[in-house]
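In what follows, a structure is listed as structure tokens, so that the remarks can point back to it.
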Amino acid sequence: MSGIINDLPYQLPTTVEGQLKRLGEIAGIPNNLLVGGGEKEVEAIANMIMYRHLNRVERMNAMKSFHAVKKRALLGELVNNALDTAFVNPQWGIWSLTNSELEADIKFHNAIVMVSGAAGVGLSFSSAADFYKQVRKKRSLGTRGWVTAVIYGALIFNAIELSKANKEKNNRTTLNASRLYK
């Protein structure tokens, strides 16, 4: 197996099956695509995670490792995830962020929580229930209702993103300072 596994910021099991399962969980790859997988699949997932940090030659080798997997559906998942995070939006695969990018993301979402709390704009079950009752009673949102709905939506989205980033930070048992994850 290539040394790309050593560049990952995760503590992985020693067995190939365990590594495959753990990397699949981290990258959000459906379990049915991993059934029957082995070393080639582990290496390919590791290359997908690291893809946006690789140079041109390493990216070509990563694509070769993607094409070496047994299942074509897994190949499609690997290629889509690698290209999306490298060329469209790294946030679509939070596992592709460097440690400093991840820390900045968490800091940003925490700042939104702090600012919204300081401004008195918070999301609680009781306030959401009150909002729902008012909408049902009036049978329309109105301007204030739309503004409230947008604010609630933004706060919910922020909470989801913060949770996702914190989960990824917890996945990284070490803040690996390899050449790729600075």
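The values are calculated or read from the model by the stated rules, or taken from the named source; none is laboratory data. What you see is a predicted model; the values in this text were computed from it and never measured. Here the Cβ positions follow ideal geometry from the backbone for every residue, glycine too, while neighbour counts run over all protein chains shown. The protein model used for the area step is the full one, side chains on, heavy atoms only, and it has no ligands, DNA or RNA in it. Shrake-Rupley method; radii C 1.70, N 1.55, O 1.52, S 1.80 Å.
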Measuring from its Cα centre, the chain shows a charge dipole (+1 at each Lys and Arg Cβ, -1 at each Asp and Glu Cβ) which, in debye to the nearest 20, is 680
Calculated from the structure, P(r) over Cα pairs in 10 Å bins from 0, in percent equals which of (i) 10, 34, 28, 17, 7, 3, 1, 0; (ii) 9, 29, 26, 13, 7, 6, 5, 3, 1, 0; (iii) 9, 31, 26, 16, 13, 5, 0? (iii)
Full extension between residue 136 and residue 170 adds, at 0.36 nm per residue less the Cα distance, a length in nm of 8.2 nm
Taking the full set of protein chains and a 1.4 angstrom probe, give the accessible area of residue 133 in square angstrom, rounded to the nearest 10. 130
Let me know the Kirkwood hydrodynamic radius for segment 3-93, please, with Cα pairs as the basis and the value in Å to one decimal. 12.9
Write down the accessible area per residue of segment 3-93 in Å², having rolled a 1.4 Å probe over the full set of protein chains. 49
Give me the dipole magnitude in Debye, nearest 20, for segment 3-93 about the Cα centre, with unit charges on the beta carbon: positive for Lys and Arg, negative for Asp and Glu. 220
Hey, what number do you get for the chain at 222 nm if only DSSP H runs of n ≥ 4 count, each worth -39500 (n - 2.57), divided across all residues, to the nearest 500? -20500 deg cm²/dmol
Phi angles of segment 66-73, converted by Karplus (6.51 cos²θ - 1.76 cosθ + 1.60, θ = phi - 60°) into ³J(HN,Hα) in whole Hz with x for Gly and Pro, give 5, 6, 8, 6, 6, 9, 5, 5
Which percent of the accessible area of the chain is formed by carbon and sulfur heavy atoms (probe 1.4 angstrom)? 59
